[in-house]
Each structure stands twice: as structure tokens, then as C-alpha cells.
Amino acid sequence: MREIKGIDNFSSECPTIVTIGTFDGVHKGHQKILKKLTSEAKKYNLKSVVLTFFPHPRTVLNPKFPLKLINTIEERIELVSKSNVDFIIIHPFDKSFSDLHPEEFVESLLVKKLNIKKILIGYDHRFGKNRKAGIKDLELFGSKYNFDVLEIGVKEVNNISISSTKIRNSIIEGDFNKVYSFLGYDLMISGKVIKGNAIGRTIGFPTANLKIDNDYKLIPKNGVYLITAILDKKKYYGMMNIGIKPTLNKKKQSIEVNFFELKKDLYGKIITVFMLQFIRNEIKFNSLEDLKNQIRIDKKTCEAIINKVN
């Protein structure tokens with residue numbers, strides 16, 4: 001798969017089949033669309049193209065209420081690449097782009113830039129200024145500019161019964177069984193390991209403190225989680241704490257991971273952890289010793305879950 005930054009940088013002599021969307025989560029519904037896209041591309045000897053946008057349109061059009069996303073743009077690209085599409089175009093979404101007249105969007109971008117011959121789109125897809133154009137308009141443009149419109153029908157969409165909003169709500173609630181059932185993979189969180197206050201080390205539970213650079217990434221609620229990570233091609237389990245560490249009278253949220261069987265120095269490394277299960281809410285303890293005792297209990301809880309899985 002080739003990654004293209006902006007429609008203007010796309011060039012292909014071969015005609016294309018295109019699908020358009022934000023694809024946040026690249027969930028099972030998205031995966032079904034991508035599978036159909038590549039199947040149709042192969043059937044009609046076309047190049048498969050995913051046209052997606054960054055930043056998220058809602059963030060641009062409603063900046064007072066910015067949307068937290070399931071995936072960073074890097075994660076989205078990686079997940080789409082697993083579907084074996086030929087191209088992913090990440091087009092910058094801004095106010096001027098949102099103001100394009102529907103026919104201008106179709107003619108100047110889809111037809112002239114992408115050399116489109118087929119478009120795969122949901123029955124409720126809206127596009128153009130004020131999102132005033134829909135599937136019927138697209139079919140009229142298809143007749144005029146010689147491309148076919150393949151509609152993902154209401155029955156097909158409803159049968160999937162998945163939405164990015166449902167997934168976001170499940171992440172916030174810490175329901176990772178439901179998250180996995182929607183996504184088909186474990187939610188990932190990536191960050192750079194930075195130095196912390198080393199309290200964990202002093203109580204026998206050293207932690208890797210993660211700095212998340214993407215402020216639009218949706219972070220689960222405060223609490224303790226069972227996680228896993230692949231480091232140097234080896235799988236490690238651990239506990240992640242998300243929160244403000246009230247026992248230590250901290251106020252700034254931090255994300256810390258205690259790996260059970262890892263002794264390596266991780267400072268400066270970028271690691272990706274996968275969320276497996278919510279263990280408990282964040283609690284303020286009366287003393288550091290009480291906190292230490294609870295962490296021991298948390299670890300035993302995690303190990304019991306791991307033993308059931310393995």
C-alpha cells in the first residue's frame with residue numbers, strides 16, 4: 001500500500017475504485033467495506049483507493065467540541081494497510097475543503113485527480129458544502145462523468161451494527177471485551193517512555209511512564225488495566241495505571257505501565273501497549289503501604305486472568 005499526503009499528490013494512469021470516509025477505529029464494519037473494495041478492484045482490474053481525512057471533519061467544523069479519536073492517524077494508516085488496498089490518501093480537511101460544491105468535489109477531485117471508475121459508498125453518505133449532496137446526487141454525477149456508484153445498503157450496514165461512537169463509549173467505560181468485539185483487535189496506545197518520579201521503583205513496582213503526543217487520542221477512564229506489549233519480538237504482560245495518583249496528591253494525569261517480567265531500560269523508546277481488561281477504578285489510599293498492598297492484589301488479579309487465557 002502506498003500512502004499519499006493530499007489528493008494533489010496522487011498520480012495513477014490506471015483507473016480507480018474509491019471509498020471515502022474518516023475510518024476512525026477501522027472497525028469490523030470498515031473492514032467489510034475495505035474487503036469489498038479490494039474484491040471489486042481485482043474483479044474489474046482497478047486500483048483500490050481509500051480517501052480519508054485528517055484532522056477529523058468534526059474537529060474542524062465544530063472546534064469548540066473537538067472529537068477524541070479511537071486511532072491516531074498513524075494507527076489508522078497501519079490498520080488500513082492490512083486490507084491490502086493499493087493507496088491510502090490522507091487529505092487535509094479544512095474549512096475551504098468543506099465549502100467545495102458537490103459537483104466541484106466530484107469533477108475536480110474524484111474524476112480528474114483520482115481517475116475514478118467506481119465509488120463504494122454508504123447509503124447515508126453526505127458530501128459537499130453543508131453536506132447537502134447524497135447518494136442520489138452521486139449517481140447523477142456518475143452518469144455525467146462515467147463512473148459507477150456501488151452502494152452499501154441500509155440492511156448491510158444495520159447487520160454490522162457497529163459505529164465509531166459506540167466504540168468510543170465502550171473505551172471510556174473500560175469495556176474492552178465489547179471494544180474487541182467491535183474492532184476485531186485490541187485497542188492500542190502508543191507513547192514515548194519518559195522519566196517519572198520513580199515512586200513505583202521504591203515500592204517494588206517500577207513503571208514505564210508513557211508520554212502520549214497525540215492529544216486527540218481517546219484515553220480510557222482513570223483506573224488500572226491489564227495490558228500486553230510486543231518488545232523486541234517478545235510478548236510481555238503488565239498493568240497500566242491511568243490517573244492522577246491521588247495517594248501521592250498529584251493532579252496531572254499520567255499513564256504508567258508495570259511489566260511483569262521485563263527488566264530492560266525503556267527510557268526514550270516508543271512502545272505500543274494493547275488494552276486487555278479493566279481491573280479497577282483509581283482509588284486514594286491512606287498510605288503508600290496501603291497502595292503497595294493493593295498493587296499486589298491487582299497483580300494477582302491480572303495473573304489469574306492471564307492464566308485463564310494461556
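The values are calculated or read from the model by the stated rules, or taken from the named source; none is laboratory data. Here the structure is a predicted model, which is why all the values come from computation and not from measurement. Cβ coordinates were reconstructed from backbone atoms using ideal geometry, including for glycine residues, and neighbour counts include every protein chain displayed.
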Subject >> Residues of segment 62-96 classified as under 27 Å from F182 (Cα atoms) and part of a helix (DSSP H, G or I), total >> reply: 9
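Please verify whether I230 is over 25 Å from I297 (Cβ atoms), modelled with pLDDT of 90 or more and out of contact with any helix residue (DSSP H, G or I) (no Cβ under 8 Å at 6 or more places or on another chain), treating the condition exactly as stated. Outline the logic, then answer.
Working: over 25 Å from I297 (Cβ atoms): yes; modelled with pLDDT of 90 or more: yes; out of contact with any helix residue (DSSP H, G or I) (no Cβ under 8 Å at 6 or more places or on another chain): yes.
Yes, satisfied.
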Original post:
Can you spot a residue in segment 244-257 that is touching a Pro at 6+ places or on another chain (Cβ under 8 Å), of a type in the set (G, A, S), buried (at least 16 other Cβ atoms within 10 Å of the Cβ) and at pLDDT below 95?
Top reply: no
Subject >> Failed criterion for L69 (all others in (1) under 23 Å from S11 (Cβ atoms); (2) touching a His at 6+ places or on another chain (Cβ under 7 Å) hold) >> reply: (1)
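Identify the residue in segment 288-310 that is basic (K, R) and without any contact (Cβ under 8 Å) to a residue 40 or more places away in the chain and, among all such residues, is farthest from T207 (Cα to Cα). Steps first, answer last, please.
Applying the first criterion (basic (K, R)) to segment 288-310 yields 292, 296, 299-300, 308.
Now drop any that are not without any contact (Cβ under 8 Å) to a residue 40 or more places away in the chain, which leaves 296, 300, 308.
Numbers: R296: 14, K300: 17, K308: 25 Å.
Out of the qualifying residues, it is K308.
Scan segment 130-149 and tell me whether some residue there is closer than 30 Å to D215 by Cβ and either modelled with pLDDT under 95 or in contact with a His (Cβ under 7 Å, 6 or more places away or on another chain) (or both). I'd like the intermediate steps shown before the answer.
Of all residues in segment 130-149, those closer than 30 Å to D215 by Cβ come to 130-131.
Filter once more, so that each one left must be either modelled with pLDDT under 95 or in contact with a His (Cβ under 7 Å, 6 or more places away or on another chain) (or both): 130-131.
Yes, segment 130-149 contains at least one residue that is closer than 30 Å to D215 by Cβ and either modelled with pLDDT under 95 or in contact with a His (Cβ under 7 Å, 6 or more places away or on another chain) (or both).
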Original post:
Since I242 meets every condition but one in (1) out of contact with any Asp or Glu (no Cβ under 9 Å at 6 or more places or on another chain); (2) in contact (Cβ under 8 Å) with a residue 40 or more places away in the chain, which condition does it not meet?
Top reply: (1)
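Let's see how each residue does on (1) assigned by TED's automatic domain parsing to the domain that holds E75; (2) of a type in the set (A, V, I, L, M); (3) within 15 Å of F205 (Cβ to Cβ):
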residue	(1), (2), (3)
K235	no, no, no
M239	no, yes, yes
K245	no, no, yes
K252	no, no, no
Y267	no, no, no
I270	no, yes, no
V273	no, yes, no
F285	no, no, yes
Original post:
Got a number for residues in segment 237-276 being farther than 22 Å from K308 by Cα, of a type in the set (V, I, T) and not in a helix (DSSP H, G or I)?
Top reply: 6
Original post:
Restricting attention to segment 18-34, and to residues there that are in a loop (DSSP other than H, G, I, E, B) and not charged (D, E, K, R), which single residue is nearest to the chain's Cα centre (by Cα)?
Top reply: G25
Subject >> Members of segment 97-155 that are outside any helix (DSSP H, G or I), among the aromatic types (F, W, Y), crowded, with 19+ Cβ neighbours inside 10 Å and free of Cβ contacts under 8 Å to residues at least 40 places away in the same chain >> reply: F147
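Which is closer than 24 Å to D137 by Cβ and at pLDDT 95 or above, of H30, H101, H91? Outline the logic, then answer.
Working: H30 fails: at pLDDT 95 or above; H101 fails: at pLDDT 95 or above.
When all the criteria are applied, what remains is H91.
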Original post:
What residue, among those in segment 258-287 that are in contact (Cβ under 8 Å) with a residue 60 or more places away in the chain, surrounded by 13 or more Cβ atoms within 10 Å (Cβ to Cβ) and more than 24 Å from the chain's Cα centre (by Cα), is nearest to K217 (Cα to Cα)?
Top reply: E282
Original post:
If you scan segment 41-67, which residues turn out to be touching an Asp or Glu at 6+ places or on another chain (Cβ under 8 Å) and at pLDDT 95 or above?
Top reply: A41, L46, K47, S48, V49
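Would you check if there is a residue in segment 295-306 being among the charged types (D, E, K, R) and under 27 Å from the mean Cα position of the chain (by Cα)? Explain how you work it out, then say what you get.
If we filter segment 295-306 for residues that are among the charged types (D, E, K, R), which is where we start, we get 296, 298-300, 303.
Subset that is under 27 Å from the mean Cα position of the chain (by Cα): none.
No.
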